[in-house]
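Report on one structure; see the data block that follows.
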Amino acid sequence: MRSLILLDVDGVLNPMGRPAPEFRPYRCTVDGVLYTVRLDARHGRRLLDLAVSTGAELVWATTWEEHANDWIGPRIGLPALPVIPMTPVVPSEHGEMFKTRHVAAYVGRRPFVWFDDQVWAQDEEYLRVRQGLDSFLLVHVDPVEGLTRRHLGMAHEWLTLTGFSQGS
């Protein structure tokens, strides 16, 4: 059972604060709306290295959905990835983020690490108590700073130490 690494875009790969010089601005047009995203090309290599070293599969878990494969992945060196559908938007019943139900439906019983700037205790409780999942790590990413080596290290350690790494 191959583990998953779930990726959000905004706040994780596209920080909301003033980005470091390594981040480059890109203009993207999605459904007729122009967006500017700031991306660090090193994220792609680091995420691929994490996936290869742990035997995990990278998956988009973002409201960008398939647009992440068109606009985000190519700019940071990621191949086309599977996408967790995020529509329709389902209101929260227990304080969890709307994406959490979609993630639970997609992962089934597979172990996963989820990088997102909006995962909180309510999401963990929903996954553990309401969905009966126990093999996951939610990595809250500060949306001002975005994904860091520390976050990637946490994921690597969890995947490796919990026995979900197929690369060790």
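The values are calculated or read from the model by the stated rules, or taken from the named source; none is laboratory data. Keep in mind that this is a model prediction, so the values were computed, not measured. With ideal geometry, Cβ positions are generated from the backbone for all residues, glycine too; neighbour counts draw on all protein chains shown. Surface accessibility is based on the protein's heavy atoms, side chains included, excluding ligands, DNA and RNA. Shrake-Rupley method; radii C 1.70, N 1.55, O 1.52, S 1.80 Å.
The table for this structure:
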quantity: Filter result for HIS156 (open to solvent by 70 Å² or more (accessible area, probe 1.4 Å), closer than 25 Å to VAL52 by Cα, of a type outside the set (A, V, I, L, M, F, W, C) and out of contact with any Lys or Arg (no Cβ under 7 Å at 6 or more places or on another chain)); calculated: yes
quantity: Matching residues, segment 32-45, being in a strand (DSSP E or B) and under 15 Å from the mean Cα position of the chain (by Cα); calculated: LEU39
quantity: Hits in segment 46-83 - residues which are part of a loop (DSSP other than H, G, I, E, B) and touching a residue at least 60 places away in the same chain (Cβ under 8 Å); calculated: GLY55, ALA56, LEU81
quantity: Criterion violated by THR29 - all others in (1) open to solvent by less than 80 Å² (accessible area, probe 1.4 Å); (2) in a loop (DSSP other than H, G, I, E, B) satisfied; calculated: (2)
quantity: Residue check for ALA80: loosely packed, with under 14 Cβ neighbours inside 10 Å and touching a helix residue (DSSP H, G or I) at 6+ places or on another chain (Cβ under 7 Å); calculated: yes
quantity: Among the residues listed as TRP64, TRP114, the single one being crowded, with 20+ Cβ neighbours inside 10 Å, of a type outside the set (Ser, Thr, Tyr) and closer than 21 Å to ARG2 by Cβ; calculated: TRP114
quantity: Meets criteria (surrounded by fewer than 19 Cβ atoms within 10 Å (Cβ to Cβ), outside any strand (DSSP E or B) and at pLDDT 95 or above) for PRO91; calculated: no
quantity: Residues being open to solvent by less than 70 Å² (accessible area, probe 1.4 Å) and modelled with pLDDT under 90 - total across segment 159-168; calculated: 5
quantity: Residues located in segment 135-153, provided they are within 18 Å of ARG45 (Cβ to Cβ) and either open to solvent by 40 Å² or more (accessible area, probe 1.4 Å) or among the small types (Gly, Ala, Ser) (or both); calculated: GLY146, ARG149, ARG150, GLY153
quantity: Any chance ALA51 is out of contact with any Phe, Trp or Tyr (no Cβ under 9 Å at 6 or more places or on another chain) and surrounded by 15 or more Cβ atoms within 10 Å (Cβ to Cβ); calculated: yes
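Here's the yes/no breakdown for (1) farther than 22 Å from PRO82 by Cα; (2) outside any helix (DSSP H, G or I):
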| position | (1), (2) |
| --- | --- |
| TYR106 | no, no |
| ARG128 | yes, no |
| LEU147 | no, yes |
| HIS156 | no, no |
| LEU159 | no, no |
| SER165 | no, yes |
